[in-house]
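Right, one structure below, let's go through it.
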Protein chains: 2
Amino acid sequence: MKIYTIKDIAQKAGVSVTTVSRVLNHRPDVNRETREKVERVMAACHFVGNANARGLKQTEGDLVAIIVRGHQNPFLNALAESILQHTKDCRATFLTEFIDEKADEFQTALRLLHERRVNGFIFVGSRIDQRAHELSGLDLPMVFTTVSAQQAGLPSAASVAIDDRAMGRLAAQVLLERGHRKIAVFGASRTGSDSLSLRYLGVRDAFTAAGLSFDESRYVETRFSLRGAYDSARAFFAVKGDTTAVFAMSDTVAMGVCRALSDIGRRVPEDVSVIGFDGTEMGKYYTPRLSTIEQPIEELASQTVLVLTDMLEHGVPPRHVTVEATLRLRESVL
Amino acid sequence: MKIYTIKDIAQKAGVSVTTVSRVLNHRPDVNRETREKVERVMAACHFVGNANARGLKQTEGDLVAIIVRGHQNPFLNALAESILQHTKDCRATFLTEFIDEKADEFQTALRLLHERRVNGFIFVGSRIDQRAHELSGLDLPMVFTTVSAQQAGLPSAASVAIDDRAMGRLAAQVLLERGHRKIAVFGASRTGSDSLSLRYLGVRDAFTAAGLSFDESRYVETRFSLRGAYDSARAFFAVKGDTTAVFAMSDTVAMGVCRALSDIGRRVPEDVSVIGFDGTEMGKYYTPRLSTIEQPIEELASQTVLVLTDMLEHGVPPRHVTVEATLRLRESVL
């Protein structure tokens, strides 16, 4: 007897793997007709992926580690919390580790692997580097949230993220269209294929599309905390005081920059426009209200848990999910 | 042979139970002399509390649930995260549940007890009510952080908190001393013995000490989110527009109030002074910088883990720890 996979079922039912997974997980967000069609196909195929894969892959003691890199980052905290909300119906137990943005998440992962017998990982706000490749060789379910593993070329890990390059481009475009030319970008190291490096490439795309080129001397590597951004901005504006607009790669960084500008007597947005990234709740209530690229936390979280559950419980291969981000224009950009 | 407890050792060595616990847990924060004295006493008593209690109380599978009530509360999030940082050297596994401020943390606790076989709890931002009493009847290690269980009269649970009543009093006193009389207080239900009710009693203490009485019509029950506080403040100031000062029982609430004031054309602090509570990082970088009562997150967290570890691993009875909060006067109060 042929053993059908979740992919076979999806193909036969003419739906996506995600939809089959939703049916398997008894999610409410599948319409009745689709659900019944998928169930008919599963019945016809004697589909046992669910129970069987579970028998093979899952014991009562499944333990998944959520590793959040950037413990001072409200966006990543909110995302981690939303992921936890979505794990409530899961059979596995989830433990959460918050680490510093400069810490090594893969060392943390290896430690958890040995100490706690973790058999699945969710990386939140991670980078992909050599160690990620080593870890992925262990063949454990592994989902990278906010990093496109596909772009990083990691074969055995799944990913859920926005299109960071397109969104970086959009942020810069907003400022360019308003006539700004002396634009500073507050990000981090831009040599990798992580989300921040992709946003930087997007900025360059926007300048190129406008027939301009980005002035690299206005790129600032900052820590992603209020204090880090504040200090970086004070130092930067002491030298590049003619800058008229800032794209900050997180709302937290944007708010640190705003506070620094206010302390050196520059008004936002009258003197300097500022656009952030992430779409945090704080940004909506900040003075001035922050323009930003809003990441869909709820969808990032639900997709992350769905992808992980599929790998852990149903033996589905890793997949890569891109979700939509949204530009929010508010007071901080003129 | 008499079996000595950790309390006996503390008494014989002339140190606190906390110090003995620190020695047992190989913490660095005990000076060498004290450590050696405690170790001598333990050796003389053939103290086996550590290994024995562990044999009785702890298996490899110890699982502690951290339940955080108030998932939108940055202070509680930062506290939960700091607690997780401090659990890194613990033998137990920790899982974290974030629930809404209106949700029932004890229902969550009971569910975890059944589903995950949790054998210890840390409640962050909890209230003590009848259900807490039921839960405490189970005789599992249980620590309430930011709530004084002692004041709530819960017999078998431990607690780590600031003196909320004294700090509520101090916040109100700051405003009274600056001549404010029409003072609004943004809190929550004030009928219990939770931290917010205690802060309210402190406010009344301050008014009484000044020979005044608090105008109850200026007490506002609000949700502890930016949006909740913003909406409450808009509604409140439409009616009580002569209010000249606000004590908000969290920095998040204070920032929602500030934004609402700005939107109705009132300046902070020129027209209305605002003092918050918690001492969040955001408050330091907000415009205006927030005056606040700063809770010592690091100390709350380390004490919480220490108290829990003592109960779980060393069979120490629950104890109640009070830590010091600090008034921070910044731009938002005139």
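Points to keep in mind about this one:
- Amide H contacts under 5 Å for A:Tyr219, placed H, 5+ residues apart: A:Val185
- Relative frequency of Cα-Cα separations exceeding 20 Å in the stretch B:73-158, percent: 33
- Between helix B:195-209 and chain B: long-axis angle, C-alpha atoms, 0 to 90°, nearest 10: 60
- Computed over the stretch B:217-315, Kirkwood Rh from alpha-carbon pairs, angstrom: 14.7
- Remark: the stretch A:166-173, residue by residue, has Karplus-estimated 3J(HN,Hα) of 4, 6, x, 4, 4, 4, 5, 4 Hz, where x stands for each Gly or Pro and the curve is 6.51 cos²θ - 1.76 cosθ + 1.60 at θ = phi - 60°.
- Loop-located GluC sites (Glu not before Pro) in the stretch A:232-299 whose Cβ has at most 13 other Cβ within 10 Å (DSSP): A:Glu270
- Amide proton proximity set for B:Phe94, modelled H, under 5 Å, gap of 5+: B:Val64
- Each residue of the protein assembly as shown gets 187 Å³ once the volume of the Cα convex hull is shared out per residue.
- Near B:Val333, the amide H atoms lying under 5 Å from its own belong to B:Val274, B:Ser291; only residues 5 or more places off or on other chains count, and H is placed 1.01 Å from N.
- Among the trypsin sites (Lys or Arg not before Pro) found in the stretch B:97-159, those both in a DSSP coil and sparsely packed, with 13 or fewer other Cβ atoms within 10 Å of their Cβ, are B:Lys102, B:Arg117.
- Against chain B, whose longest principal axis is taken from its Cα atoms, helix B:251-263 shows a tilt of about 10°.
- Summing +1 for each Lys or Arg and -1 for each Asp or Glu among the other residues whose beta-carbon sits under 13 angstrom from that of A:Leu138 gives 0.
- Evaluated at q = 0.25, 0.26, 0.27, 0.30 Å⁻¹, the base-10 log of the normalised Debye intensity for the stretch B:177-237, with identical point scatterers placed on the Cα atoms, takes the values -1.11, -1.15, -1.18, -1.26.
- Computed over chain A, the per-residue total of -39500 (n - 2.57) for DSSP H runs of n ≥ 4 gives a 222 nm mean residue ellipticity of -14000 deg cm²/dmol, rounded to 500.
- Principal axis dimensions, largest first and in whole angstrom, of the stretch B:164-294 by Cα: 34, 28, 24
- From the largest down, the stretch B:6-47 spans 23, 16, 15 angstrom on the principal axes of its Cα atoms.
- log10 of Debye I(q)/I(0), alpha-carbon scatterers only, for chain B at 0.11, 0.15 Å⁻¹: -0.73, -1.14
- Bridge type composition, chain A - antiparallel percent by DSSP, nearest 5: 10
Rule-based calculations on the coordinates, nothing more; no lab input. Everything numeric in this text was worked out from a predicted model, so none of it was measured. Every residue, glycine among them, receives a Cβ derived from its backbone with ideal geometry; neighbour counts consider all protein chains shown.
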